[in-house]
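Heads up, the thing below is written out as structure tokens.
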Amino acid sequence: MLEEGKLYVGTSRNPDDSINKGEYLDLKYANRHGLITGATGTGKTVTLQILAESFSNAGVPVFCADVKGDLSGIAAIGEYKDFLEKRATTIGLDPYEFQEFPVIFWDLFGEKGHRVRTTISEMGPLLLARLMDMSDAQEGVLNIAFKLADENGLPLLDLKDLRSLLNYMAGETEKLSAMYGNITKQSLSTIQRGLLVLEQQGAENFFGEPALKISDIMRTTNDGRGAISVLAADKLMMNPRLYGTFLLWLLSELFEELPEVGDSDKPRLVFFFDEAHLLFDEAPKILIDRVEQVVRLIRSKGVGVYFVTQNPLDVPESVLSQLGNRIQHALRAYTPREQKAVKVAAETFRPNPAFDCFEAITQLGVGEALVSTLGAKGVPSMVERTLVRPPASRLGPITEPERQKVMAVSPVAGQYDTDLDRDSAFEMLARRAEEAAKAEEDERRREEEKEQERPESRRWTLPGYGDDDDEDERGRAKSSRRKKSSRSRPGYQRQTVTETVIKSVARSAATSLGRALVRGILGSLKKGF
Ligand SMILES: Nc1ncnc2c1ncn2[C@@H]1O[C@H](COP(=O)(O)OP(=O)(O)OP(=O)(O)O)[C@@H](O)[C@H]1O
Ligand SMILES: [Mg+2]
């Protein structure tokens, strides 16, 4: 069943059910992306599992999300089951061997895998606005916040950084509006509320450091197998927007960080996007356009993206047309919408005169699919009705102790487990405010000392600043002056904070970064140049 440079997907059948031939996915064209669709329970996850296994064996690292927990079994060796053995016999897979795979578990919540984090700065305004479902006006203000931070090298690592920056902006709306365009207090406070909601949904776990290093999902083992990164997504799915945004962020990171490789023998990484409809649900056009652009361009960086979803209509046409390798499991065709989906799915295949695609899609059995992959010169193969091979790893979830064991021996064990709270916008702004307050206090004290040295100056007062009291009431006036001096000159303090912050961050930006940060297509940070 092994063919050089090709992954065995399964064996196709003729219309009379006799065995036809092996169906393969050519590694050379695996970066031309793919699509796995089908109604629930038709075999999508198992197909994902066997593809991930084959990629790993071919030395290609894989990233995939485990939406229902049933993909985790890929970390354990397969077990004998009657129906799996039967499938193996039917398709002539002999010997049918079991195998375990090098898996790294990841989890945004740090419960079922190593913690995955990124920073607010890395995520960028476009994806963050999507995450918080912002209006255009709010997104505009968020863009300004990022611009301000990027230009000044102010690190926005976690939610509290962004919050303190927005607080600071709220005190400077006039000045900042003149520099960057209209900023309203209202937009700022709506964004603040959005951040609060995010926090309540557990997103604070996700923003911070140490941020995920892309190289950690691109590992191979000493014996040349690709690591399979499995993201625990069952809990994450309760916040579908966070799930979708996270995967988009990861895709854009890969895109921004990896160098061009052109056409090569096999991909450098394959990325499976399960429940892909969540990406596109209610997504604004600009985001869809950007995703389309990233999917198109990431190919030349050697990354293959495979969308997994129930209905091919879930994926926008512009993205769909770029997915070269297709595995279509059964769909129902009762309602007009369902019929339309089947029709679209059927029409995207290069037809096979031996059978009618539309009919076949509605009649496929479990673990059976219409398969068409890219062959020589990137031409799609004629569609074949294919029995997908059974997995070599375990079908179904692994147990908790098994998971712990896998995590303990993982190459990233201990690397991501504890939070790191590096100096960032929050600390910088807080410290500047403190320093400014201290500077003011020192100044006041100096003035007071000067006054005491020159008793004659006591006769002179500063009108409106609590100093114009009767000399007889000196003692009382003094304490009242102290209170008033900080209360009645708020402009002074804030001015100092603003200027110190901007000046000091500009200075640190000049020394540590040397330039303003640059953002890529999906708004994440560009690196490596
Ligand atoms: N290639 C296969 N070989 C043998 N059995 C299979 C195969 N594919 C699927 N099955 C059987 O079908 C069951 C359901 O498959 P799977 O979990 O992949 O469906 P799914 O499309 O992911 O469903 P859902 O949309 O609910 O997640 C499997 O548990 C297994 O018993
Ligand atoms: Mg599934």
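From the Cα gyration tensor of segment 318-366, with a ≥ b ≥ c the square roots of its eigenvalues, which class applies: rounded if a/c is under 1.5, or else prolate if a/b is larger than b/c, or else oblate?
It comes out oblate by the Cα gyration axes.
Using per-residue counts of other Cβ atoms within 10 Å, averaged over each peptide, order 71-78, 296-303 from highest down.
71-78, 296-303
How would segment 313-417 be classified by its alpha-carbon gyration tensor: rounded, prolate or oblate, with rounded meaning a/c under 1.5 and the a/b versus b/c comparison settling the rest? Numbers along the way, then the final one.
On the way: a/c = 2.23, a/b = 2.01, b/c = 1.11.
Prolate, because a/c is 1.5 or more and a/b exceeds b/c.
Considering only DSSP beta bridges with both partners in segment 263-374, what is the antiparallel share in %, to the nearest 5?
Taking every DSSP beta bridge within segment 263-374, about 40 percent pair in antiparallel fashion.
Would you calculate the separation in nanometres between label points at residue 133 and residue 175, each defined as 7 Å from the Cα along the Cα-to-beta-carbon direction?
3.6 nm
Which pairs in the list 147/301; 6/301; 28/112; 213/377; 28/343; 44/301 are over 23 Å apart, alpha-carbon to alpha-carbon?
147/301; 28/112; 213/377; 28/343; 44/301
Once you put a point 7 Å from the Cα of residue 379 and another 7 Å from the Cα of residue 417, both along the Cβ direction, what distance in nm separates them?
Reported label-point gap for residue 379 and residue 417 is 5.5 nm.
Order of 167-180, 314-327 by packing, highest average Cβ count within 10 Å first? Mind showing how you got there, number by number?
On the way: 167-180: 15.6, 314-327: 19.2.
Sorting 167-180, 314-327 by mean packing, highest first, produces 314-327, 167-180.
Rounded, prolate or oblate: which one fits segment 203-274, using the alpha carbon gyration tensor with axes a ≥ b ≥ c (rounded when a/c is under 1.5, else prolate when a/b beats b/c, else oblate)?
Prolate, because a/c is 1.5 or more and a/b exceeds b/c.
Calculate the radius of gyration of the Cα atoms of segment 79-222 to one decimal place, then report Dmax, the largest Cα-Cα distance, as a whole number, both in Å.
23.1, 75
Would you mind calculating the relative contact order of segment 113-174 from Cα pairs under 8 angstrom and at least 6 residues apart, reporting the percent as a whole number?
It rounds to 38 percent for segment 113-174.
Taking Cα pairs under 8 Å and at least six residues apart, what relative contact order does segment 53-144 come out at, in percent?
17 percent
Relative contact order of segment 209-336: what whole-number percent is it, with Cα pairs under 8 angstrom and at least 6 residues apart?
24 percent
How much length would be gained if the chain were fully extended between residue 40 and residue 445, taking 0.36 nm per residue of separation minus their Cα-Cα distance, in nm to one decimal? Each step should come with its number before you reach the end.
Numbers: separation 405, 0.36 × 405 = 145.80 nm, distance 7.36 nm.
This chain segment gains 138.4 nm when fully extended.
Roughly how many nanometres apart are two label points built 7 Å out from the Cα toward the Cβ at residue 94 and residue 213?
Using points 7 Å along Cα→Cβ, the separation is 4.8 nm.
Leaving out same-chain residues fewer than 8 places away, which aspartates and glutamates sit with a Cα under 18 Å from that of residue 285?
Correct list for residue 285: 133, 136, 139, 314, 317.
Can you give the FRET efficiency for residue 334 and residue 282, using 1/(1 + (r/R0)^6), R0 = 35 Å, r = Cβ-Cβ distance, to the nearest 0.05?
Once rounded, the FRET efficiency stands at 0.85.
Short version: ³J(HN,Hα) in whole Hz for each residue of segment 201-216, in order, from phi by Karplus 6.51 cos²θ - 1.76 cosθ + 1.60 (θ = phi - 60°), x for Gly and Pro, what are they?
Using θ = phi - 60°, the values come out as 7, x, 5, 4, 4, 7, 8, x, 10, x, 6, 4, 8, 4, 4, 6 Hz.
Each reported figure results from applying straightforward, stated rules to the coordinates on display, with no laboratory input. This structure is a prediction, so every number in the text was calculated from the model and none was measured. Ideal geometry is used to build each Cβ from the backbone, glycine not excepted, and the neighbour counts take in all protein chains shown.
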